[in-house]
Amino acid sequence: MDTRIALFIADGTEETEAIATLDLLRRAGIDTDLISIKDDPTVVTSHSLTVTADKVISDIKGEDYDMLILPGGLKGTANFKACEPLLALIKDFHAQGKGLAAICAAPSVFSGLGILTGIDATSNPGFQEVIAGDGAILHADDKVVVSGNIITSQAMGTTVPFALAIIAKYKGQEVADTLKKDIIF
């Protein structure tokens with residue numbers, strides 16, 4: 001079965017973290033759906049970019065996906081934390097040992113659910129005390145941290161390495177390196 005990823009967006013999501021990650025995953029041939037956490041596929045990002053998601057959360061089934069990705073953005077992260085169906089899906093993925101990834105402020109969604117307890121992780125510097133306080137083993141200076149099935153990253157400027165780490169996990173390091181060499185750097 002081919003890998004399938006759900007990348008969630010909410011009003012206030014940091015658009016570069018969402019769209020650049022989506023673009024790179026699709027370039028690598030990973031089937032990735034952009035999913036709105038509300039019943040409307042239209043989302044307004046943190047810098048007023050209007051984005052139309054492929055699907056809405058009420059129309060998806062967790063068993064159809066191998067990984068869930070949360071981009072950051074202060075308002076977007078707060079909206080993720082307030083979305084009960086998303087939180088239930090994250091808890092279910094964690095219980096099954098399926099992939100979870102978050103960047104910037106969004107790792108705090110995982111730590112708020114106890115998912116990062118004892119896990120190597122990073123986040124936006126403004127949220128590092130939050131995730132460490134919830135039991136994460138903080139890697140404050142690392143742009144991206146891969147800890148088993150969980151991938152975390154620091155901020156918009158680390159989006160490319162974040163996406164490449166996800167690609168390496170599902171397509172192999174050679175594919176990630178080729179994409180980095182041929183398209184990115």
**Q.** Only Lys, Arg (+1) and Asp, Glu (-1) charged, at Cβ; the chain dipole about Cα centre in debye
**A.** 160 debye
Q | Cβ-based exposure ranking for 120, 66, 39, in which fewest neighbours within 10 Å come first | A | 39, 120, 66
Q: Neighbouring Cβ atoms within 10 Å as the yardstick, rank 22, 138 fewest first.
A: 138, 22
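From the square roots a ≥ b ≥ c of the eigenvalues of the alpha-carbon gyration tensor of segment 4-176, which class results: rounded (a/c under 1.5), prolate (a/b over b/c), or oblate?
On the way: a/c = 1.28, a/b = 1.15, b/c = 1.11.
Rounded, since a/c falls under 1.5.
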**Q.** Dipole of the chain [Lys/Arg +1, Asp/Glu -1 at C-beta], most positive-end residue of 18, 108, 137
**A.** 137
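I need the shape label for segment 138-180. Rule: rounded when a/c is under 1.5, else prolate if a/b > b/c, else oblate, with a, b, c from the alpha carbon gyration tensor.
Oblate is the answer for segment 138-180, as a/c is 1.5 or above yet b/c matches or exceeds a/b.
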Q) Which of 61/143; 98/171; 61/98; 55/181 have a Cα-Cα distance over 25 Å? A) 61/143; 55/181
Q.
Along the charge dipole of segment 1-128, pointing to its positive end and built from +1/-1 on Cβ of Lys, Arg, Asp and Glu, which listed residue (124, 95, 80) has its Cα farthest out?
A. 124
Q: Sketch the reach of a paramagnetic label on residue 59 as a point 7 Å from Cα along Cα-to-Cβ, and name the residues of segment 9-29 whose backbone nitrogen lies under 11 Å away.
A: none
Q) Listing 174, 14 from the residue with the fewest other Cβ atoms within 10 Å to the one with the most, what is the order? A) 174, 14
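Coordinate-derived values only; no laboratory data. In this text the structure is predicted, and so the values were computed from the model without any measurement. Don't worry about glycine lacking a Cβ; one is built from the backbone with ideal geometry, like all the others, and counts go over all protein chains shown.
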